[in-house]
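Working notes, beginning with the structure itself.
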Amino acid sequence: MQRFSGLAVALRRGAWGPQWRAPEPQAAYDAVIVGGGGHGLATAFHLARDHGMSRIAVLEKGWIGGGNTGRNTTIIRSNYLFEESSRLYDHAVKKWEALSQTLNYNVMFSQRGVLMLAHTVHDVQVFQRHVHANRLNGVDNEWLSAEEAKEFCPPLRISAGMRYPVLGAALQRRAGTARHDAVAWGYARAADALGVDIIQNCAVTGIVRDAAGAVEAVETTRGKIRTPKVGVVAAGNTSVVMAMAGVRMPLESYPLQALVSEPIKPVFPCVVMSNTIHAYISQSDKGELVIGAGTDAYISYSQRGALHVSTHTLEAICELFPDFRRMRMLRNWGGIVDVTPDRSPIIAKAPVKGLYVNCGWGTGGFKATPGSGHLFAWTMAKDEPHPINAPFTIERFRDGHLIDEAAAAAVAH
Amino acid sequence: MLLIPCPYCGPRPELEFAYGGEGGIARPADPAALDDDAWGAFLYHRSNPRGMHVERWRHVHGCGRFFNARRDTVTDLFACSWKVGEAAP
Ligand SMILES: Cc1cc2nc3c(=O)[nH]c(=O)nc-3n(C[C@H](O)[C@H](O)[C@H](O)COP(=O)(O)OP(=O)(O)OC[C@H]3O[C@@H](n4cnc5c(N)ncnc54)[C@H](O)[C@@H]3O)c2cc1C
Ligand SMILES: [Zn+2]
């Protein structure tokens with residue numbers, strides 16, 4: 001791997017060249033990852049780096065990062081309510097803090113702070129409870145008055161005449177954003193350098209099991225590939241892939257939308273989220289306002305959401321930030337998010353030998369990418385969960401050990 | 001926005017409706033007789049297909065009634081809808 005550094009830039013002659021290979025699929029691998037999003041690529045990286053496995057393939061039906069990894073609004077935070085989730089998401093935030101160095105690739109992680117607005121007495125109580133719970137769990141989160149929130153984010157309107165006045169906000173200062181494409185590319189480049197085969201335009205169409213029921217191969221659009229271990233990291237398509245092994249999942253897939261404005265000079269210093277009136281916003285380094293809207297009401301694989309859903313969010317944005325009322329939106333799009341009944345992910349062994357699944361990240365898994373890859377690789381390599389992901393099984397829906405983060409996750413991220 | 005065929009009122013805009021999730025999931029007649037696996041599957045496991053889906057809708061801002069429909073989850077086009085208690089077409 002050609003290492004990036006200031007010196008490398010200064011001494012560079014000509015083009016950089018491709019940063020990872022485009023290999024033909026081999027007949028057999030020690031492990032196959034289904035899905036070349038951030039989570040799948042991070043899993044392959046950790047399998048190769050931490051567990052000494054080098055015969056690994058990542059099979060991606062389209063192009064890497066073309067799923068939710070490349071479609072999300074990149075908010076990273078760890079102020080979830082329960083201990084299990086605090087541990088899971090803060091594990092990831094700690095990895096984000098070192099990720100550009102780990103990968104030798106600038107993922108543009110920016111800890112600019114995430115402000116979550118409270119508009120009702122109930123919001124105030126819930127967020128203050130979150131602040132206290134987070135601090136007990138060693139996760140930073142603090143309560144700001146409306147005036148303090150405006151000081152932190154000057155474009156914010158806090159006047160009393162609003163339909164949903166801002167009564168205060170919870171601020172996680174270590175939270176922020178990162179560049180989504182760079183995350184996929186950085187992991188791909190680092191995994192490739194460790195010998196991982198990243199195979200694009202290769203859809204998995206079947207999971208083959210031996211007489212004892214264990215995984216023995218996957219069928220793909222580029223032929224059959226033998227492997228004793230399959231890790232499914234297919235986000236919105238998880239139910240479809242798991243059905244290939246006869247496993248029914250506690251998941252539903254919904255379209256979730258985002259949109260970006262025309263680029264403008266830096267005006268927006270942080271990330272602001274409002275679960276109650278449903279809007280979240282930040283400004284990218286290109287200058288676009290990045291705005292997250294809601295999910296559609298019904299399950300769908302259409303990868304586009306309804307216009308009334310994004311209209312609703314834009315109305316909320318205009319109410320909170322009147323300065324933006326005359327801005328134009330450049331693009332909107334949708335991704336398909338896989339939602340569990342308790343809004344927490346599944347990172348676990350499946351009830352089929354050799355099959356593992358990392359899914360259910362729903363509307364908010366980008367923030368977990370580095371932690372999720374680390375934990376899922378551990379689970380696949382050792383055939384048992386790491387203590388951090390041990391509670392995040394499929395069986396929790398049988399045993400009643402739900403980790404209900406609906407309030408922390410809402411849809412907003 | 002979807003145009004949803006209410007079997008009582010005809011096609012109406014999505015905003016008049018509430019989605020009711022996967023259809024055809026009957027509550028077990030004797031829940032106490034189920035083991036944890038079966039009860040968990042009843043509560044939480046869903047088909048979530050990429051393709052035809054049988055689902056429930058409720059025309060909350062219209063006739064107020066529940067009904068069933070079949071919709072393709074890739075194109076979002078409705079194939080048909082039918083009243084509760086009727087056989088699926
Ligand atoms: C609009 C939007 C905004 C969001 N905002 C945020 C946010 O601000 N913060 C946050 O933390 N999260 C956010 N999320 C959620 C986040 O994007 C996801 O949780 C996360 O990116 C999931 O990563 P992944 O690698 O698991 O999935 P993906 O990136 O979707 O990767 C899965 C891959 O699997 C591939 N695949 C599927 N089926 C097959 C098959 N049969 N064979 C081969 N490959 C297959 C797909 O093509 C895809 O590339 C948002 C999501 C959306 C859609
Ligand atoms: Zn009706």
Notebook entry, point to check: With the contact rule set at Cα under 8 Å and sequence spacing of 6 or more, what percent relative contact order holds for chain A?
Noted result: 22
Margin query: Using helices alone, I'd like the mean residue ellipticity at 222 nm for chain B: each DSSP H run of four-plus residues gives -39500 (n - 2.57), total over residue count, nearest 500.
Written below: -3000 deg cm²/dmol
Notebook entry, point to check: Between A:THR221 and B:VAL54, what is the FRET efficiency for a Förster distance of 30 Å, r being their Cβ-Cβ separation, to the nearest 0.05?
Noted result: 0.55
Margin query: Could you work out how much longer the chain between A:ARG157 and A:LYS353 gets when fully extended? Use 0.36 nm per residue separation minus the Cα distance between them, nm to one decimal.
Written below: 65.1 nm
Notebook entry, point to check: What is the average number of partner chain Cβ atoms found within 10 Å of a Cβ in A:298-309?
Noted result: 5
Check: Okay, helix-only estimate at 222 nm for chain A: each DSSP H run of n ≥ 4 adds -39500 (n - 2.57), divide by all residues, round to 500 deg cm²/dmol; what do you get?
Finding: -8500 deg cm²/dmol
Notebook entry, point to check: So which trypsin sites (Lys or Arg not before Pro) in segment A:121-187 pass both tests, a DSSP loop state and at most 14 other Cβ atoms within 10 Å of the Cβ?
Noted result: A:ARG163
Next item on the list: Find which of B:PHE67, A:VAL357, A:MET329 sits farthest along the positive direction of the dipole of the protein assembly as shown, computed with +1 on the beta-carbon of Lys and Arg, -1 on that of Asp and Glu, about the Cα centre.
Entry: A:MET329
Note to self: Just to confirm the filter: which chymotrypsin sites (Phe, Trp or Tyr not before Pro) across segment A:1-91 are DSSP coil and have at most 10 other Cβ within 10 angstrom of their Cβ?
What the structure shows: A:TRP16
Next item on the list: Let me know the charge dipole size of segment A:282-325 about its Cα centre in debye, to the nearest 20, where only the beta-carbon of Lys, Arg (+1) and Asp, Glu (-1) is charged.
Entry: 140
Next item on the list: List the GluC sites (Glu not before Pro) within segment A:196-262 that fall in a DSSP loop (any state other than H, G, I, E or B) and whose Cβ has at most 12 other Cβ atoms within 10 Å.
Entry: none
Next item on the list: Round to a whole angstrom and tell me the spacing of the C-alpha centers of segment A:72-98 and segment A:107-136.
Entry: 13
Notebook entry, point to check: Treating the beta-carbon of each Lys and Arg as +1 and of each Asp and Glu as -1, no other charges, what is the dipole magnitude of chain B about its Cα centre, to the nearest 20 debye?
Noted result: 380
Note to self: How big is the dipole moment of the protein assembly as shown about its Cα centre under a simple scheme where the beta carbon of each Lys and Arg is +1, that of each Asp and Glu is -1, and everything else is neutral? Debye, nearest 20, please.
What the structure shows: 1200
Checklist line | Cysteines in the protein assembly as shown that, by Cβ-Cβ distance, have no pairing candidate under 4.7 Å | finding: A:CYS153, A:CYS202, A:CYS270, A:CYS318, A:CYS359, B:CYS63, B:CYS80
Next item on the list: Just give me a number: lysine pairs in chain A, eight or more positions apart or cross-chain, with C-alpha atoms less than 15 Å apart.
Entry: 9
Next item on the list: Take the Cβ-Cβ distance between A:VAL124 and A:GLU319 as r, set R0 to 25 Å, and report the resulting FRET efficiency rounded to the nearest 0.05.
Entry: 0.85
Margin query: If the elastic network links every pair of Cα atoms under 10 Å, which of A:ILE281, A:ILE264, A:ILE225 fluctuates the most in the Gaussian network model of chain A?
Written below: A:ILE264
Next item on the list: Please average, across the residues of B:34-44, the number of beta carbons from any other chain that are within 10 Å of each residue's own beta carbon, and give a whole number.
Entry: 4
Checklist line | Efficiency of FRET from Cβ geometry, A:ASP399 and B:PHE42, R₀ 22 Å, rounded to 0.05 | finding: 0.90
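Where a number appears in this text, it was derived from the coordinates with a stated rule and is not lab data. All values reported here derive from a predicted model rather than from experimental measurement. Cβ sites come from the backbone with ideal geometry, for glycine too, and all protein chains shown count toward neighbours.
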